[in-house]
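Worksheet: the structure to be examined is printed underneath.
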Amino acid sequence: MNVKEKIKEQVSVEELLSSNYEIILFNDDVNTFDHVIDTLIYVCDHEPLQAEQCALLVHYTGKCAVKTGSYKELEPLCSKLLEADLSAEIQ
């Protein structure tokens, strides 16, 4: 017996317009682990363990999403990361 269901999902216009973005932090050969960790704690409000894990992921995989939110929320944070000489962008 085959049963077919159609599911209709309701999504508000507000949800569509405020889609989530991520700050992606990229690996570089310049910054120390301590600098990256301290900057993530200060700028992104990470807990020390979370910042350390992100730094390790960046080091071993080349990049890591360090913060999610709306573009408007992330733009000043990404600017602070760039000012701290980290490689980051909003995607």
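Read the figures in this text as sums done on the coordinates, not as results from a lab. Given the structure is predicted, the values throughout are model-derived calculations rather than measurements. We place every Cβ from the backbone using ideal geometry, glycine too, and count neighbours over all the protein chains shown.
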Calculated FRET value between Lys80 and Glu47, using beta carbons and R₀ = 25 Å, to 0.05: 0.90
What are the residues whose amide H is under 5 Å from the amide H of Tyr21, where those residues sit 5 or more places off or on another chain and H is modelled from the backbone? Gly69, Ser70, Tyr71
Please report, in Å, the Rg and the Dmax of the range 13-83, where both are computed over Cα atoms only. 12.7, 43
Quick check: pseudo-label points 7 Å beyond the Cα along Cα→Cβ at Asp29 and Ala65, how many nm apart are they? 3.0 nm
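Quote the Stokes-Einstein diffusion coefficient, in whole µm² s⁻¹, for the range 52-91, based on the Kirkwood radius over alpha carbon pairs, a temperature of 25 °C and a viscosity of 0.890 mPa s. Don't jump to the answer; show the numbers that get you there.
Working: Rh = 10.8 Å.
The Stokes-Einstein estimate is 228 µm²/s.
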